[in-house]
Structure formats: structure tokens, C-alpha cells
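What follows is a single structure, written as C-alpha cells, with notes after it.
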Amino acid sequence: MKTIAIINMKGGCAKTTTAVNMAYILAKEYDKKVLLIDNDKQGNLSKACGVWSYDNPSLADMLTGQEEIGGVVQVVEKMPNMAVIPANMHLLTANLAVIKDEEREQATIISKELEKVKEIFDYCIIDCPPDINVSVINALVAADEVIIPIKIDGYAFDGMDELEEQINNAKALNPKLKFRGCLVTMYYNRDVCRQGEAWLQNQRYPVFKTHIRRTEKADEVTFTNESLMEYSPRSGAARDYKTFVKEYLEG
Ligand SMILES: Nc1ncnc2c1ncn2[C@@H]1O[C@H](COP(=O)(O)OP(=O)(O)OP(=O)(O)O)[C@@H](O)[C@H]1O
Ligand SMILES: [Mg+2]
């Protein structure tokens with residue numbers, strides 16, 4: 001099983017959209033078994049997969065040790081190759097409980113639980129919040145690779161240094177961790193995006209060749225409990241996500 005953390009300290013740069021659509025494409029087009037982990041108390045990924053609930057077992061229970069991974073994984077009915085560990089607001093208190101419990105190894109909870117399912121899934125994709133907290137550190141310690149979605153604007157690169165520092169810190173516990181690349185999202189053919197993308201390609205960070213075009217369908221789909229791939233497979237963004245996954249697999 002390969003584990004990928006989708007992460008950026010910046011909000012609203014298409015982390016969740018990337019996680020859901022990448023998972024869907026790997027499951028549907030490549031017949032891979034994919035586990036998605038919603039690592040954000042907002043629960044957007046859980047909603048997109050139709051498994052959000054305030055009461056059902058969730059990542060919070062796994063972090064606090066109340067459930068093992070088998071007790072929190074939910075199968076996505078419409079996509080049998082996909083399963084989700086959902087999240088909700090309980091993740092906030094769970095994160096605080098983990099920090100307080102100094103007796104436990106705080107940063108390896110997710111990686112230890114994932115060990116138990118590594119023969120079942122081909123990929124695990126972890127959708128992180130726009131923040132660094134103990135469950136995000138857990139994601140970095142569990143991951144093989146990090147992908148950073150970037151929406152080009154004046155604030156796009158805020159927090160990149162801090163994120164890189166966290167990635168480097170995680171490598172102390174997880175030497176295999178690799179910064180796989182930045183993925184430009186919500187791209188449109190204007191100077192701001194063209195120049196921003198060119199600038200990014202000249203930095204020291206790896207950048208995927210594929211960018212994801214902006215589409216208004218992406219907002220519409222948030223009302224439907226679906227991925228873009230299901231809601232609007234012919235939209236520019238859906239087609240770009242397919243190209244991106246191909247590039248990812250070939251890289
Ligand atoms: N390719 C796209 N074109 C246009 N809008 C998009 C695109 N991708 C995502 N969006 C929209 O941008 C918003 C943020 O997307 P998303 O929730 O995936 O970002 P996020 O980085 O996970 O946000 P957060 O930091 O809150 O977790 C959503 O309203 C989504 O519909
Ligand atoms: Mg999100």
C-alpha cells in the first residue's frame with residue numbers, strides 16, 4: 001500500500017477535491033483498492049463520499065484508541081473499491097486528547113493502524129486540513145509521499161516554508177517520506193496563472209506538469225455528495241485529474 005498525504009497550510013486550494021478525484025480515478029479507471037482518510041474536522045471529504053455523520057465511528061475514535069482501524073472504515077456503496085475513514089467535529093477534541101496523553105507515542109497512531117490494512121488496499125490517500133496539528137503530523141509520519149495542491153494567487157505560497165519544515169521533521173520518524181510534487185489547481189488561462197505557474201516551476205519544489213483547470217462544476221458538485229468525476233466527467237477539471245493521475249503513476 002502506498003500512502004499519500006494531500007496537504008497545504010493554505011485553505012481552499014483543492015486538497016479535498018484532489019483527494020476525492022484521485023481516489024475515484026485510481027479505483028474506477030485503474031481498478032485499485034483505495035482507502036481515503038478524512039483528516040479534517042470539516043468533514044468535507046466524508047460528505048463528498050456520502051459517509052459523513054456526527055455519530056458514527058470516525059478518525060477521532062481511532063486517534064483516541066477507542067476503535068481500531070477496522071471499526072472506523074466505511075465502504076463507499078457506489079464504489080466498492082473505495083473505503084473511507086470519515087471525520088467530523090469530534091476530531092478537534094480527539095487531537096487535544098492525543099496531545100495531552102504523553103504516555104502514548106503521539107505521532108505514530110495512524111501509521112500503526114495503517115499497518116493492519118496494508119495488504120487490503122493499494123493506496124491510502126489522506127486529506128489534511130489547512131493547518132498543522134497532531135493528526136496532520138500523524139499523516140506525515142504515515143505517508144510515503146506528499147502532494148501539495150496550489151491555487152495560484154498572492155497568498156499561494158504562504159506557509160510553504162513551515163510545511164517543508166514539518167515534512168523534514170516527519171522524516172526523522174519516517175525516512176521514506178518523499179515530497180512528490182505541487183499540483184496547480186483552479187488554473188485559468190490568464191497572466192496571473194501563467195506567470196505564477198512558471199514562477200513555481202523555477203522554485204526548488206517539484207511540480208507536476210499537469211495543472212487542473214478551473215471549472216464552475218467544482219462548486220456545484222459540493223451540493224451533491226459526489227466527486228467531479230461522477231458529476232461532470234467531461235469538465236476540464238475532471239479530464240485534468242485523469243491526466244494528473246496518469247502522470248502521477250508514470251512518475
Ligand atoms: N478545479 C476547480 N475549479 C473551480 N473551483 C474549484 C476547483 N477545485 C476546487 N474548487 C472549489 O474550491 C473550493 C475549495 O476546494 P476544496 O474544498 O477541495 O479545497 P480544500 O483545500 O480542501 O479546502 P480546505 O482548506 O477548506 O480543506 C470548493 O468550493 C471547490 O468547489
Ligand atoms: Mg479540504
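FYI, it's all coordinate maths here, none of it is from the lab. Bear in mind the structure is a predicted one, so any value in this text is a computation, not a measurement. As a convention, Cβ positions derive from the backbone with ideal geometry for all residues, glycine included, and neighbour counts pool all protein chains shown.
Tabulated values for the structure
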quantity	calculated
Helix-only [θ]222 nm of the chain, DSSP H runs n ≥ 4, -39500 (n - 2.57) each, per residue, nearest 500	-11500 deg cm²/dmol
Exposed-loop-free span, longest in the chain, where GluC sites (Glu not before Pro) count as exposed if DSSP calls them loop and at most 15 other C-beta atoms lie within 10 Å	120-215
Segment ASP131-ARG234, extension gain: residue separation times 0.36 nm, minus the distance between their alpha carbons	33.8 nm
Neighbour cut-off at most 14 other Cβ (10 Å), DSSP loop, chymotrypsin sites (Phe, Trp or Tyr not before Pro), the stretch 142-251	TYR155, TYR188, PHE223
Choice from SER53, SER227, SER135 showing the highest fluctuation, given a GNM over the chain with Cα pairs closer than 10 Å	SER53
Cα long-axis angle, helix 160-173 against the chain (0 to 90 degrees, to the nearest 10)	40
Among ALA142, ALA172, ALA107, residue whose mean-square fluctuation peaks in a GNM of the chain (springs only between Cα atoms under 10 Å)	ALA172
Cβ-based net charge around VAL192, under 13 Å, with every Lys or Arg adding one and every Asp or Glu removing one	+1
Virtual spin-label span in nm between ASN168 and GLU77, 7 Å along Cα→Cβ	4.9
Spin-label model distance (nm) - ASN56 vs VAL192, 7 Å beyond Cα toward Cβ	3.8
The stretch 2-250, relative contact order in percent, only Cα pairs under 8 angstrom and at least six apart counted	26
Given 14 as the ceiling on other Cβ atoms within 10 Å, longest exposed-site-free region of the chain for trypsin sites (Lys or Arg not before Pro) in DSSP loops	1-77
